[in-house]
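Below is one structure. I have some questions about it.
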Amino acid sequence: MAAIQKFQFQNSPGGVAKLREKLSQTLFPDELEDATWDYGVPLQDVKRVAAYWRDDFDWKKFEDRINKLPNYKASVTVDGFDPLEIHFVHKRSSKNNAIPLLFLHGWPGSFLEVEKLLPLLINEKQSGGASFHIVAPSLPNHGFSSGVKSRGFGLSQYSEAMHKLMLSLGYDQFACAGGDWGMCIGRVMSQRFPTSLKVCYYSLVPSTPPSPATPWTFVPFLIKHLLKMYTAAESEGLARSQEFQKTGMGYYQLQTTRPQTIGYLLADSPVGLLAWIYEKLRDWTDNYPWTDEEICTWVSMYWFSTAGPAASVRLYYESLRGEFPTKSGGYVPHVKLGLAYFPKEIFRLPKAWGSSLGEVVFEHEHERGGHFASWEVPEGVAGDLQVMFGKGGGAYGAVKVDKN
Amino acid sequence: MSPPTPFKISIPESKLQRLHQKLALTDFPDEVINTSNSWSRGVPLSEIKRLTHYWQNSFNWRSAEAHLNTFPQFTTPIEVEGFGVYDVHFIHQKSEVENAIPLMFLHGWPGSFIEVTKILPELVKGGKEEEGPAFDVVAPSLIDFGFSGASKKEGFNVDQHAEACHKLMLSLGYSEYVIQAGDLGHLIARFIALKYGPTHCKATHLNSALPAEPTATSHPELYAEMQKTPLTEAEIAGLIRTKAFSEEGNGYLRQQSTKPQTLGYSLADSPVGLLAWLYEKLHDWSDDYVWSDDEILTWVSIYYFSTAGPSASSNLYYENEHRSPSAFAAMQVYIDVPLGIVSFEKDVIVLPKAWNRTLGPIVFESTYERGGHFAAWERPDAMVGDLRGMFGRGGGAEGVVGRRGGYEGL
């Protein structure tokens, strides 16, 4: 059993002082006249947030906000690697037979994305709704978990680490919820540990078009595609997905091929890191009104992460390699799926394609929200989970909880 | 038109001090240990630390500056239609030979006008029959690079760069000229040939060539011929290199052509970040060239101290991509201006020779086993030899510039 300890986050006064000094020494680039967000984050926005970060960001509040959550650390050893310290939030329901739910963040997010969900999911008063024990870790190389020093720590290793964490907490069976890397790790965990992971909820749906090998789905797909019989939301989603491929993949191409080079840029310039992340917070969301405080909170989570900001992009490089690269899996049997479609996700594909991923027991097309659904529309995500796992829901009873 | 203003690079002391302040504050990332290929994920940490230390403690910018200033430099205002007047910085060295051939050298990224400095001293020589032709050499900093002004406006595309470079030559009294170029410079050269050739631009010698693959429908005769001749081993190796580049060597291109401003914050604010960004390519794109720390830091300093700032150099990548058709597609047409193509086997994109015939009338061709992307820097001997061969006696572009054949006497 992995040793589990309570964890209290503390700001580093020296770190904050150095950050402020670097922010004061910032050399800003120019900008083309009338430049829009098309070229990247506009200069006035970066300057504004940088000044706020230096002068007005409340570091005590940042610390308190993290420490309000029940934080722990556990030692987890993945085969072939040195032991890692995994940080996680662990909030148990008062109901013993609640469903263990592993909430996995992605990039450029963090465990803090669970913050708004917790009060919505640990609300015991609703009848018919499900109850959850929630585990929200910092992924290795992110947040307050260890960095990984050796090569080859890919999606398979991430999934193994998360699986071992859940087992160490006494959860032999559990469900998983996530988007971005959280979804990818969920997919690999589903392939590696189907006796433990019984249900996945994805807010980013990596479906592929049906192939001629499955004629029952292929023929309707072909008809729909040729006759352009997608719903307005689906057509918009397809166009958005294509646009993202065309104009939004620079970071991805860099991080999957030259993570060390981009690492120097992100580790040395706070404003550089700020712009790198802020661009995604804006481009990948549904007009979410990010406050400067929120932006700085998210960026500080990377600037002051245990492993440092450069470490977080290494998963991109590793994700193309190893036993379970990103695109692997296809139809994954044995694990029930809940799929949530958000209009401003980076890719949003037609609903019918979801069946390419596995047994879909729940589906919801949301009217609002984007890539950071748990942050943008937490009530939507919480509602999905409660319906899906509650009485009459498609995943009801799928996770055996009598051992809890 | 007023004569160009003589120019000497003189970076203010305050900028040097600021740089040193920033270097002293550097935060380095750690590194994943990968013993088989330490460059596979980007520049190794040991390299960056060594160079940062050298930059802080030993690198003498004033000495590099003084060396650059031994080349005669000028600035001149050039008007670009629809955009305004730009200060263009350039080296201009005239040969002692009166009829020297006017040659414009166009750099690329992450290069600069410095790339001409190894070949220039040889090119201005010659002029006797046995020596080969002499050249007058003009080597500008492209707008948004080096010590030329910033483009400042959206839409300043390869067309505008071509116009500016062409007008520069005219302003120097060269109404007919030839061009040597690679990388971004070669794109601009193609547009100059397209728009201003063969009246003004009489020939181009390119060390990058990006032809489209001939198909049975696009080039039936050439295609039929190609079917009869198998690819050489070197050509197959070139295609493999090209594939590797397009799969894992083009992250910088994807970023610069889609979100240049986001990238720009790091490039402007972190000297070590800029160093890594550029040095990765100096290493990856050259053929075992032993870059000295002084060379690396001089090349990087030209970006760091550039007039437009280090992030401006991404602009052309963005504009190229957003041009319709893209700049790359637009110049894959047959341009009827004499063309010389040199291919270095260790360059990043190396395409089969036959494809080059889709680009124009090939009057000179050469291939070198040794040498990569920075041809004039890695193989100055080859470049000088090529230019003398192409433009000298018996060369495919002999006498293209009517009254300026490059030889003494007539």
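Between the alpha-carbon centers of the stretch A:154-169 and the stretch B:96-143, tell me the distance in whole angstrom.
Taking the Cα centre of the stretch B:96-143 as reference, the centre of the stretch A:154-169 is 62 Å away.
Relative to the isolated chain, which residues of the stretch A:132-161 have their accessible area cut by 40 Å² or more in the presence of all protein chains (1.4 Å probe, heavy atoms, no ligands or nucleic acids)?
When all protein chains are present, A:Lys149, A:Arg151 each give up 40 Å² or more of accessible surface.
With a cut-off of 15 Å, note down the residues of the stretch B:68-90 whose backbone N falls inside the zone around a label point 7 Å from the Cα of B:Ile11 toward its beta carbon.
Under 15 Å, as judged by backbone N against the label point of B:Ile11, lie B:68-69 of the stretch B:68-90.
Turning to a different aspect of this structure: Sum -39500 (n - 2.57) across every DSSP H segment of at least 4 residues in chain B, then divide by the residue count to get the 222 nm mean residue ellipticity, nearest 500.
-11500 deg cm²/dmol, from helical runs alone.
Moving on to the next point. Take every residue in peptide B:306-319, count the Cβ atoms of other chains within 10 Å of its Cβ, and give the average of those counts.
That works out to 2 on average.
Would you kindly derive the ³J(HN,Hα) couplings of the stretch A:9-17 from the backbone phi angles with the Karplus curve 6.51 cos²θ - 1.76 cosθ + 1.60 (θ = phi - 60°), listing them in order in whole Hz, with x for Gly and Pro?
My calculation for the stretch A:9-17 gives 7, 10, 4, 9, x, x, x, 5, 4 Hz in order.
Continuing with this model, one more query. For an R0 of 51 angstrom, estimate the FRET efficiency from the Cβ-Cβ distance between B:Asp293 and A:Val219 and round to the nearest 0.05.
With R0 = 51 Å, the Cβ-Cβ based efficiency is 0.20.
Quick one: which of A:Lys280/B:Lys243; B:Lys8/B:Lys281; A:Lys18/B:Lys259; A:Lys198/A:Lys336 span more than 18 angstrom between C-alpha atoms?
Check vs 18 Å cut-off fails for A:Lys280/B:Lys243; B:Lys8/B:Lys281; A:Lys18/B:Lys259.
Continuing with this model, one more query. Can you list the lysines whose alpha carbon sits under 16 Å from that of A:Lys47, skipping same-chain ones fewer than 8 residues off?
Here the lysines satisfying the reach criterion relative to A:Lys47 are A:Lys22.
Give me the summed buried accessible area for the B-A pair, 1.4 Å probe, to the nearest 100 Å².
Buried area between the two chains comes out at roughly 5200 Å².
How much length is gained on full extension from B:Ala216 to B:Phe28, taking 0.36 nm per residue of separation minus their Cα-Cα distance?
Values: separation 188, 0.36 × 188 = 67.68 nm, distance 5.32 nm.
Net length gain for the segment: 62.4 nm.
Please sort B:273-284, B:44-55 by packing, taking for each peptide the average over its residues of neighbouring beta carbons within 10 angstrom, highest first.
Descending packing order for the listed peptides: B:273-284, B:44-55.
Contour minus end-to-end for B:Val333 and B:Lys153, with contour as 0.36 nm per residue of separation and end-to-end as the Cα-Cα distance?
62.0 nm
Considering only protein heavy atoms, what per residue accessible area in square angstrom results for the stretch A:215-294 with a 1.4 angstrom probe?
42 Å²
Assign one of three labels to the stretch A:316-371, namely rounded, prolate or oblate, based on the Cα gyration tensor with a ≥ b ≥ c the square roots of its eigenvalues; rounded applies when a/c is under 1.5, prolate when it is not and a/b is larger than b/c, and oblate otherwise. The partial results should precede the final answer.
Details: a/c = 2.73, a/b = 1.33, b/c = 2.05.
Since a/c reaches 1.5 but b/c is at least a/b, the shape of the stretch A:316-371 is classed as oblate.
Specify whether the C-alpha gyration tensor of chain B places it in the rounded, prolate or oblate class, a ≥ b ≥ c being the square roots of the eigenvalues: rounded for a/c under 1.5, otherwise prolate if a/b is larger than b/c and oblate if not.
Values: a/c = 1.56, a/b = 1.19, b/c = 1.30.
Since a/c reaches 1.5 but b/c is at least a/b, the shape of chain B is classed as oblate.
Oh, and also: Taking each residue in B:245-254, count the Cβ atoms of any other chain within 10 Å of its Cβ, then average. What number comes out?
Partner-chain Cβ atoms within 10 Å, mean over residues of B:245-254: 5.
For the stretch B:174-332, what class follows from the C-alpha gyration tensor (a ≥ b ≥ c being the square roots of its eigenvalues): rounded when a/c is under 1.5, otherwise prolate if a/b is larger than b/c, else oblate?
Cα axes put the stretch B:174-332 in the prolate bin.
Can I ask one more? So which lysines pass the test for A:Lys6, namely a Cα distance under 25 Å, with those fewer than 8 places away in the same chain ruled out?
Once the sequence-local lysines are set aside, what remains near A:Lys6 is A:Lys60, A:Lys61, A:Lys68, A:Lys73, A:Lys91, A:Lys95, A:Lys116, A:Lys149, A:Lys164, A:Lys403.
So how far, in whole Å, is the C-alpha centre of the stretch B:329-404 from the one of the stretch A:37-59?
48 Å
What's the extension gain from A:Thr208 to A:Asp34 if we count 0.36 nm per residue and subtract their Cα-Cα distance? Let's see the in-between values first.
Numbers: separation 174, 0.36 × 174 = 62.64 nm, distance 3.87 nm.
Taking A:Thr208 through A:Asp34 to full extension adds about 58.8 nm, to one decimal.
At a cut-off of 50 Å², which residues of the stretch B:256-290 become less accessible once all protein chains are present than in their chain alone, using a 1.4 Å probe?
Residues meeting the cut-off: B:Thr258, B:Lys259, B:Gln261, B:Thr262, B:Tyr265, B:Ser266, B:Asp269, B:Trp277.
Amide H of B:Ile101: which non-local residues (sequence gap of 5 or more, or other chain) have their own amide H closer than 5 Å, using H built in the peptide plane?
Sorted by chain and number, the residues that satisfy this are B:Ala134, B:Phe135, B:Asp136, B:Gly406.
In the stretch B:37-75, whose amide N lies under 15 Å from the spot 7 Å out along Cα-to-Cβ of A:Gln25? List them in ranges.
Residues passing the 15 Å test: B:52-53, B:55-57.
Can you tell me the accessible area per residue over the stretch B:181-301, all protein chains present, probe 1.4 angstrom, in square angstrom?
That works out to 37 Å² for each residue.
Roughly speaking, to the nearest percent, how much of the stretch B:13-67's 1.4 Å accessible area is carbon and sulfur?
49 percent
Would you compute, from DSSP H runs of 4+ residues alone, the mean residue ellipticity of chain A at 222 nm, taking -39500 (n - 2.57) per run and dividing by the full residue count, rounded to the nearest 500?
Values: 15 runs with 160 residues, N = 404.
After summing the helix terms and dividing by residue count, I get -12000 deg cm²/dmol.
Something else now. Please enumerate, by chain and number, the lysines with C-alpha under 20 Å from the C-alpha of B:Lys202, excluding those fewer than 8 residues away in the same chain.
Counting by Cα, and skipping residues close in sequence, B:Lys202 has these lysines nearby: B:Lys94, B:Lys167.
Moving to a separate point now. Summarise the accessible area of the stretch B:162-278 (1.4 Å probe, protein heavy atoms) by the percent that is carbon and sulfur.
Its accessible area is 59 percent carbon and sulfur atoms.
Quick one: putting +1 on the C-beta of Lys and Arg, -1 on the C-beta of Asp and Glu, what dipole do you get for the protein assembly as shown around its Cα centre, in Debye to the nearest 20?
Charge dipole, the protein assembly as shown, about its Cα centre: 2340 debye, nearest 20.
Whole-Hz Karplus ³J(HN,Hα) for the stretch A:238-248, in order, using 6.51 cos²θ - 1.76 cosθ + 1.60 and θ = phi - 60°, x for Gly and Pro?
Whole-Hz 3J(HN,Hα) from phi for the stretch A:238-248: 5, 4, 4, 4, 5, 4, 4, 4, 6, 10, x.
Separate question: Give me the percent of the accessible area of the stretch A:254-348 that comes from carbon and sulfur atoms, probe 1.4 Å, all protein chains in place.
Carbon with sulfur: 53 percent of the solvent-accessible area.
Take peptides A:374-387, B:321-334 and line them up by average Cβ neighbours within 10 Å, highest first, as a rough protection proxy. Mind dumping the intermediate values first?
Values: A:374-387: 21.4, B:321-334: 15.6.
Per-residue Cβ counts within 10 Å, averaged per peptide and sorted highest first, yield A:374-387, B:321-334.
So, in nm, how far is label B:Ala234 from label B:Glu65 when the simple model puts each one 7 Å beyond its Cα toward the Cβ?
Label-label distance for B:Ala234 and B:Glu65, simple model: 4.4 nm.
Residue-wise, which Karplus ³J(HN,Hα) couplings in Hz belong to the stretch A:169-184, taking 6.51 cos²θ - 1.76 cosθ + 1.60, θ = phi - 60°, and x for glycine or proline?
8, x, 9, 6, 10, 7, 10, 9, 9, x, x, 6, 4, x, 5, 4
Amide H to amide H under 5 Å from A:Ser131: which residues, 5+ apart in sequence or cross-chain, H placed 1.01 Å off N in plane?
A:Ile99
Something else about it: When Cβ neighbours within 10 Å are restricted to other protein chains, what is their mean count per residue of peptide B:152-161?
2
Using a 1.4 angstrom probe, figure out how much accessible area the stretch B:1-140 has per residue, in square angstrom, rounded to the nearest whole.
Averaged over the residues of the stretch B:1-140, the accessible area is 44 Å².
The values are calculated or read from the model by the stated rules, or taken from the named source; none is laboratory data. Since this is a predicted model, take the numbers as computed values, not measurements. When we count neighbours, we look across all protein chains shown, and the Cβ atoms used for this are built from the backbone with ideal geometry, even at glycine. Ligands, DNA and RNA are stripped out before the accessible areas are found, and what is left, the full protein with its side chains, is counted by its heavy atoms. Shrake-Rupley method; radii C 1.70, N 1.55, O 1.52, S 1.80 Å.
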